[in-house]
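First comes the structure, then the notes that go with it.
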Amino acid sequence: MSLATIQRPTEVSLPPARVRAPRRWLFGLAAAVLLAQMAIAMITTAVRQTPTIDEPVYIGTAVVYLEQHSLRYNPEHPPLGKLIMATGLAFADVRLDPDFQGDQTELGRHLLYESGNDPAKLVLSARLPMIVLTLLFGVVVFLFATDITNRSGGLVALALYAFSPDLIAHGSLATLDVPAAGFVLTSVWLVWRARANPALYLPLAGLALGAALATKMNTLAAVPVVLFLVFWQARAKAALAVALLALAVVWVSYLAVDPLLHWESPPDLPSAPVGWLPFPEPYLDGMRVQAGFENRVWGGYLFGTHYEGSHWYYLPAALLVKTPLGALLLWAAAVVALIKRPAAAYVLAPAAVLLAVAMTGSRDLGVRYAIFVPMFLAVAAAVVAHRRWARIAVALVAASSLWTFPYYLPYSNEVFGGPSKTHLHLHDSNVDWGQDLGRLAERLKRYPGERLWLVYKGAGVPEYYGIRADDPRKVPEDQVHGLLVVSNTAIAKADDLLRALIDTSAPIDVVGHSITIFRRA
């Protein structure tokens with residue numbers, strides 16, 4: 001038999017192997033793990049931190065809403081955020097003197113420290129609803145990013161959100177910044193979904209936009225953007241319907257506190273041309289109060305320099321300090337990749353408008369005024385999730401976030417020295433918001449019997465935590481000997497007297513990266 005007669009075996013053509021995509025439940029499991037990590041971080045932070053400066057005011061106001069159905073406190077902020085806090089406080093067995101007379105700052109101090117309540121229990125009761133809300137906004141980030149790209153992109157976006165030190169820090173507090181920003185994000189996401197089903201999602205978008213307006217007034221800047229997106233998709237009637245729904249939510253939030261809407265305008269309100277707006281009178285008066293705040297001259301601190309007034313570039317600079325390096329890289333790449341896509345109008349435009357308006361503000365007090373940036377840009381990052389280096393960037397974010405645990409409020413990235421160096425670059429709610437008074441009390445047990453001098457910036461009451469100290473600024477300099485304890489924000493803003501005391505003392509300890517202990521011979 002010749003070789004020519006030998007037939008080769010017939011080749012069987014097999015169908016191409018199918019690449020099985022990861023099952024949907026794996027993505028759900030990964031998302032749940034990311035949110036669980038965030039929940040643990042926030043709850044741990046919430047339990048360990050004493051009240052920050054703004055929280056007693058909001059908590060006191062929420063209790064007055066519950067027990068007295070009165071709007072007289074904290075008119076500069078609408079009720080919805082405080083009503084959400086009240087859902088936790090309703091189970092806290094709060095005691096409040098019905099005959100109390102005082103301003104909102106005195107109310108918070110009276111409720112937490114002078115009424116027989118447990119301040120730790122009350123503060124945690126108000127913080128827990130905010131933690132739940134922050135986690136729900138994480139779900140929105142995941143779904144929004146998945147809609148724009150795919151589930152892998154959604155996971156990258158959620159990872160940036162869940163490991164963001166700023167979102168963990170402020171999402172674990174009974175404050176209004178994260179809820180307001182989250183409701184804006186939710187409204188924009190629902191408008192995006194309304195492209196396919198406007199009858200379902202546009203009404204929900206109106207409710208979410210109204211929730212933002214009913215939480216904090218700085219969200220008014222988002223209204224033109226959201227309504228333009230609705231008009232772009234579905235024309236004027238739909239935009240009008242969304243606006244009316246949003247307005248209705250604002251009215252309902254006030255009526256939920258006081259169905260008869262009793263209101264007496266505070267004395268000496270600043271003037272502002274807002275009377276034509278169709279909001280409740282207390283909302284309009286709140287806008288006037290906010291206008292008064294904006295007309296004041298506030299002190300700022302940036303990169304080691306204390307100044308009076310505000311810098312237009314403060315918020316971008318503060319974000320540069322307080323954002324993990326991996327997130328900054330992903331944000332920059334995402335903006336470039338997204339800018340020419342239709343989704344840019346839904347993700348980049350709202351963040352840009354809100355940031356531009358915030359940069360014109362007079363209060364250089366913290367990145368919390370731009371907390372919407374890490375939310376929207378986490379969604380944007382989904383468009384670069386397919387890049388190989390994106391996973392490395394996310395891992396860097398996670399490592400940086402875990403490194404700062406549980407001190408998220410004073411976080412700064414590694415280029416700026418980490419959380420121990422943040423006070424050299426920024427102040428106030430970026431690093432020292434009064435959150436470490438309880439930790440200070442524990443640390444001072446290491447120094448028994450020493451004379452104590454304290455300059456504390458915060459809303460807590462040192463005596464409640466067993467801290468017996470005098471103010472070193474009220475006695476001659478040569479009488480100040482022993483331990484000099486100073487909040488880092490007070491160091492940044494120190495006058496000549498306090499600066500002289502600090503310069504002639506030796507730093508010996510740091511509490512929570514927000515309070516420095518000196519010894520003065």
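What follows is calculated from the coordinates using simple rules that are stated; it is not laboratory data. Bear in mind the structure is a predicted one, so any value in this text is a computation, not a measurement. With ideal geometry, Cβ positions are generated from the backbone for all residues, glycine too; neighbour counts draw on all protein chains shown.
If R0 is 41 Å, what FRET efficiency do you get for A332 and A248 from their C-beta distance, rounded to 0.05?
Efficiency computed from Cβ-Cβ geometry: 0.55.
Multiply the residue gap between V510 and V357 by 0.36 nm, knock off their C-alpha separation, and tell me the result in nm, one decimal place.
Extra length available between V510 and V357 comes to 51.5 nm.
Would you mind checking region 489-521 for residues with the amide N under 17 Å from a putative spin-label position 7 Å along Cα→C-beta of K445?
Hits in region 489-521 for K445 at 17 Å: 511-512.
Run the reach check for K82 against lysines, Cα to Cα strictly under 26 Å, same-chain hits fewer than 8 apart removed. What comes back?
By straight Cα distance, K82 reaches K121, K216, K457.
Using each residue's phi in region 310-326, evaluate 6.51 cos²θ - 1.76 cosθ + 1.60 at θ = phi - 60° and report the 3J(HN,Hα) Karplus result to the nearest Hz, with x for Gly and Pro.
Values, residue by residue: 9, 10, 4, 8, 4, 5, x, 5, 5, 5, 4, 6, 9, 9, x, 4, x Hz.
If r is the Cβ-Cβ distance from V132 to D478 and R0 is 51 Å, what FRET efficiency results, to the nearest 0.05?
Efficiency at R0 = 51 Å is approximately 0.45.
By count of other Cβ within 10 Å, fewest leading, how are L185, L409 ordered?
Exposure proxy ranking, most exposed first: L185, L409.
Considering amide H positions built from the backbone, and no H for Pro or chain starts, which residues 5 or more places from R519, or on another chain, come under 5 Å of its amide H?
Close amide H contacts, sequence-distant or interchain: L484, A506, I508.
Quick one: Karplus J couplings for region 70-77, per residue in order, coefficients 6.51, -1.76, 1.60, θ = phi - 60°, nearest Hz, x for Gly and Pro?
10, 9, 6, 9, 6, x, 5, 10
Taking only DSSP H segments of four or more residues, each worth -39500 (n - 2.57), what value at 222 nm results for the chain once the sum is divided by all its residues, to the nearest 500 deg cm²/dmol?
Computed ellipticity for the chain at 222 nm equals -17000 deg cm²/dmol.
Given that just one value was derived from the coordinates, which of [x] 1.13; [y] 1.06; [z] 1.43 is Rg/Rh (Cα atoms, Kirkwood Rh)?
From the options [x] 1.13; [y] 1.06; [z] 1.43, the structure gives [y].
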